[in-house]
1. Would you check which residues across region 190-211 are part of a loop (DSSP other than H, G, I, E, B) and closer than 22 Å to residue 84 by Cβ and list them?
2. Report those helices (runs of 4 or more DSSP H) wholly inside region 294-359 carrying at least 1 residues which are in contact with a Pro (Cβ under 7 Å, 6 or more places away or on another chain) and without any contact (Cβ under 8 Å) to a residue 60 or more places away in the chain.
3. Quick one: how many residues across region 40-63 are β-branched (Val, Ile, Thr), surrounded by fewer than 20 Cβ atoms within 10 Å (Cβ to Cβ) and closer than 27 Å to residue 84 by Cα?
4. Does region 246-253 contain at least one residue that is within 25 Å of residue 313 (Cα to Cα) and part of a helix (DSSP H, G or I)?
5. Looking only at region 257-275, which residues are surrounded by fewer than 20 Cβ atoms within 10 Å (Cβ to Cβ) and of a type in the set (A, V, I, L, M)?
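Since every read-out is calculated from the coordinates, none of them should be taken as a lab result. All values derive from a computational prediction rather than experimental measurement. Please note: Cβ atoms are built from the backbone with ideal geometry, for glycine as well, and neighbour counts cover all protein chains shown.
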Amino acid sequence: MSADAQTPASAGPGPQLATPTEPAIPQPYSRFALIALICAGLVLCYLITAPFIAALVWAFTLAVLFAPVEALFRARFPFPALTVSVTMVLAAILVVAPVIFVSAALIDAVADSAGAMAGLRSADDLPRLARDYPAIAPALAWIEGFADFPLIFQSLGERLEQWGTNLVVGSITGTITLLLTFYFLFYMLRDRVRIVQAIGETLPLDAVQFGSLVQDLKKTVFASVYGTAAVSALQGLLGGLVFWWLDLPSPVFWGVVMGLLGIVPFLGAFIVWVPVAIILMLDGQWSEALILIVWGTFVVGLIDNIVYPVLVGRQLALHSAVTFIAIVGGIIVFGAHGFVLGPLVVAAVLSLVTSLRNS
């Protein structure tokens, strides 16, 4: 038998597997499929991470702010777990304590206001107010002819009660977010060098471009936080000054409260001065109430929209209008943590565009 005839038999029985010389799917289509899978995975990762975005943003912000402090501690005590723990305690004292103070004061103020509104639901309230406050009797008589005043007070009281309930529920949610923030903060402080290296290896940027991006993000965090602190302190100072000028009680205390409230997005010093202005009007002190309303609206209220974009925009080398859009738009899109995340997104995009243009 010839060698040619024995070749099939030597291969053994059964079907033979051919070794393909080219992939079953053409290279462009396989790359497209891989990109599609990555995009789908990124969407799923976002959905998984979405409940933790607020905690991650605040943890990142605190990590950037307190990383230099932790580095000083670690230079003297080479025990990362200890130095990170001490830094977190310091952050809790400087950041968390004022937030708890403001939240407690706000909930108490809302509860007191709701109780005061509850006492003004009788049909005899307007005549009684007219007797107690003759100066506003004509205004009360005019209002009585056009509106159901007791019903308005009842509606306001119910709204305040509902707002107080939402604040309590929000405080529970905020407590959970706070715990998660410090959980993430521990690892961001301890492993920050490895985290930055991992991100740098993932992004398609060279060392110079990635370093520029990191510096821009750090600068954005510092500018946003310190800009907010400076504007809030200015609001508290201006609010305390008008309380002192009008001889209202505890101007220093309420100035501090107004300054702390200025840090909280969607709130502000008006939480304090608006009820005081209403009380002054009910007491017949119309000139003092008018001064407080004008000062609170056009000085304390607008200083935030004027000074903050200027301070932050100057630090970020951005136009004030762009900074304003980044801050306000970030708050609208992302919520309370948008005042940091909005400028971060804008700064990151501008840094990447600059890297692309210079490449």
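1. Of the residues in region 190-211, the ones part of a loop (DSSP other than H, G, I, E, B) are 191, 203-206.
191, the sole residue that qualifies.
2. Values: elements: 303-316, 320-334, 338-358.
Hits in region 294-359: 320-334.
3. Of the residues in region 40-63, the ones β-branched (Val, Ile, Thr) are 43, 48-49, 53, 57, 61.
With the extra rule that they be surrounded by fewer than 20 Cβ atoms within 10 Å (Cβ to Cβ), the set shrinks to 43, 48-49, 53.
With the extra rule that they be closer than 27 Å to residue 84 by Cα, the set shrinks to 49, 53.
Selection size over region 40-63: 2.
4. Of the residues in region 246-253, the ones within 25 Å of residue 313 (Cα to Cα) are none.
So far as region 246-253 goes, no, none of its residues is within 25 Å of residue 313 (Cα to Cα) and part of a helix (DSSP H, G or I).
5. In the first step, residues of region 257-275 are kept if they are surrounded by fewer than 20 Cβ atoms within 10 Å (Cβ to Cβ); the result is 264-267, 270-271, 274-275.
Once the filter is applied, which keeps residues that are surrounded by fewer than 20 Cβ atoms within 10 Å (Cβ to Cβ) and of a type in the set (A, V, I, L, M), region 257-275 yields 264, 267, 271, 274.
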